[in-house]
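Read through the structure below, which is laid out as structure tokens, and then see the notes.
The values are calculated or read from the model by the stated rules, or taken from the named source; none is laboratory data. Values in this document were obtained by computation on a predicted structure and should not be read as measured data. We place every Cβ from the backbone using ideal geometry, glycine too, and count neighbours over all the protein chains shown.
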Amino acid sequence: KAGVTQTPRYLIKTRGQQVTLSCSPISGHRSVSWYQQTPGQGLQFLFEYFSETQRNKGNFPGRFSGRQFSNSRSEMNVSTLELGDSALYLCASSASERVTDTQYFGPGTRLTVL
Amino acid sequence: AQSVTQLGSHVSVSEGALVLLRCNYSSSVPPYLFWYVQYPNQGLQLLLKYTTGATLVKGINGFEAEFKKSETSFHLTKPSAHMSDAAEYFCAVTTNTNAGKSTFGDGTTLTVKP
């Protein structure tokens with residue numbers, strides 16, 4: 001089975017722009033979670049989707065949004081980019097809604113905001 | 001609320017020596033605990049997890065961890081370090097009330113000296 005894929009792998013944007021990141025979960029997985037990883041703040045939870053419904057959301061401003069499609073693929077969007085949004089954005093998928101299911105992480109999208 | 005504290009942001013051991021990475025958690029409800037490894041420019045890979053049952057959990061690559069409720073700890077050990085174990089390790093916690101959301105520690109970078 002193919003793993004979790006994230007596109008693009010690298011992205012450079014300027015302040016004020018918006019960006020969309022994509023995550024394709026492992027085939028058959030229905031839950032997708034997003035995390036932001038920075039040297040200063042570590043790994044922080046953004047949001048989680050299961051069957052196209054957002055079930056949980058972290059403490060991020062409204063500029064960060066996401067969605068999940070019927071095929072379980074997910075996108076996250078960041079509008080009005082700020083320098084502090086530079087980070088590695090990780091997506092993880094799991095098979096079901098059970099919190100004990102293993103989360104499989106993708107390689108991440110590294111976003112640089114200039 | 002849940003939180004994780006990893007004691008020691010950097011741990012250095014000699015090849016063949018015992019690896020001990022410390023993790024303490026805080027949770028008001030029964031926790032589920034995880035250890036992940038991250039290699040440079042990659043996503044996270046699950047090493048092992050504790051959900052219920054046996055408190056000594058064995059994972060991949062010879063790692064194991066013991067859930068000690070009385071000490072609120074979930075330390076990761078490996079009897080004999082290998083050069084390939086050099087990476088960053090993250091402890092994480094989730095609960096039944098946090099669908100899809102794991103709270104991560106700040107990570108511990110393991111260096112293995114020849």
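Might you let me know whether region A:64-85 holds any residue that is touching a helix residue (DSSP H, G or I) at 6+ places or on another chain (Cβ under 8 Å) and of a type outside the set (S, T, N, Q)? Among the residues of region A:64-85, at least one is touching a helix residue (DSSP H, G or I) at 6+ places or on another chain (Cβ under 8 Å) and of a type outside the set (S, T, N, Q), which makes the answer yes. Is there a residue being modelled with pLDDT of 95 or more, in a strand (DSSP E or B) and farther than 28 Å from A:Gly108 by Cβ anywhere in region B:35-48? No, every residue in region B:35-48 fails to be modelled with pLDDT of 95 or more, in a strand (DSSP E or B) and farther than 28 Å from A:Gly108 by Cβ.
Among the residues here, A:Arg63 does not qualify as at pLDDT 95 or above and under 26 Å from B:Trp35 (Cα atoms). Among the residues of region B:4-48, the ones that are in contact with a Ser or Thr (Cβ under 7 Å, 6 or more places away or on another chain), within 15 Å of A:Gly42 (Cα to Cα) and away from chain A (no Cβ under 12 Å) come to 2 in all. Looking only at residues that are small (Gly, Ala, Ser) and exposed (fewer than 13 other Cβ atoms within 10 Å of the Cβ) in region B:78-114, which one is farthest from the other protein chains (Cβ to nearest Cβ)? Among them, the one singled out is B:Ser80. When B:Gln38, B:Gln6, B:Gln42 are checked against the criterion of being polar (S, T, N, Q) and touching a Lys or Arg at 6+ places or on another chain (Cβ under 7 Å), a single residue qualifies: B:Gln6. For region B:49-77, name all the residues that are away from chain A (no Cβ under 14 Å), without any contact (Cβ under 8 Å) to a residue 24 or more places away in the chain and polar (S, T, N, Q). If the condition is that a residue be away from chain A (no Cβ under 14 Å), without any contact (Cβ under 8 Å) to a residue 24 or more places away in the chain and polar (S, T, N, Q), then B:Thr55, B:Ser70 are the ones that fit. Evaluate the following for B:Asn41: is it touching a residue at least 40 places away in the same chain (Cβ under 8 Å) and not hydrophobic (A, V, I, L, M, F, W, C)? Against the criterion (touching a residue at least 40 places away in the same chain (Cβ under 8 Å) and not hydrophobic (A, V, I, L, M, F, W, C)), B:Asn41 does not qualify. Is it fair to say B:Leu46 is closer than 30 Å to A:Cys23 by Cα and without any contact (Cβ under 8 Å) to a residue 40 or more places away in the chain? Against the criterion (closer than 30 Å to A:Cys23 by Cα and without any contact (Cβ under 8 Å) to a residue 40 or more places away in the chain), B:Leu46 qualifies. Put simply, of A:Leu11, A:Leu90, A:Leu43 the only residue that is of a type in the set (A, V, I, L, M), under 20 Å from B:Gln2 (Cα atoms) and either more than 10 Å from the chain's Cα centre (by Cα) or buried (at least 16 other Cβ atoms within 10 Å of the Cβ) (or both) is A:Leu43. In this structure, is A:Gly106 in contact with a Phe, Trp or Tyr (Cβ under 7 Å, 6 or more places away or on another chain), at the interface with chain B (Cβ under 10 Å from one of its Cβ atoms) and not charged (D, E, K, R)? No: the conditions fail for A:Gly106. Screening B:Asp106 on (1) over 17 Å from B:Leu20 (Cα atoms); (2) in a loop (DSSP other than H, G, I, E, B); (3) in contact (Cβ under 8 Å) with a residue 12 or more places away in the chain shows it passes everything except condition (1).
Select, from A:Arg67, A:Arg98, the only residue that is without any contact (Cβ under 8 Å) to a residue 12 or more places away in the chain and either of a type in the set (D, E, K, R) or over 17 Å from A:Arg30 (Cβ atoms) (or both). Can you show your working first?
On the way: A:Arg67 fails: without any contact (Cβ under 8 Å) to a residue 12 or more places away in the chain.
The match here is A:Arg98.
Considering region A:93-103, the residues that are at the interface with chain B (Cβ under 9 Å from one of its Cβ atoms) and not charged (D, E, K, R) include one that is nearest to A:Gln44 (Cα to Cα), namely A:Gln103.
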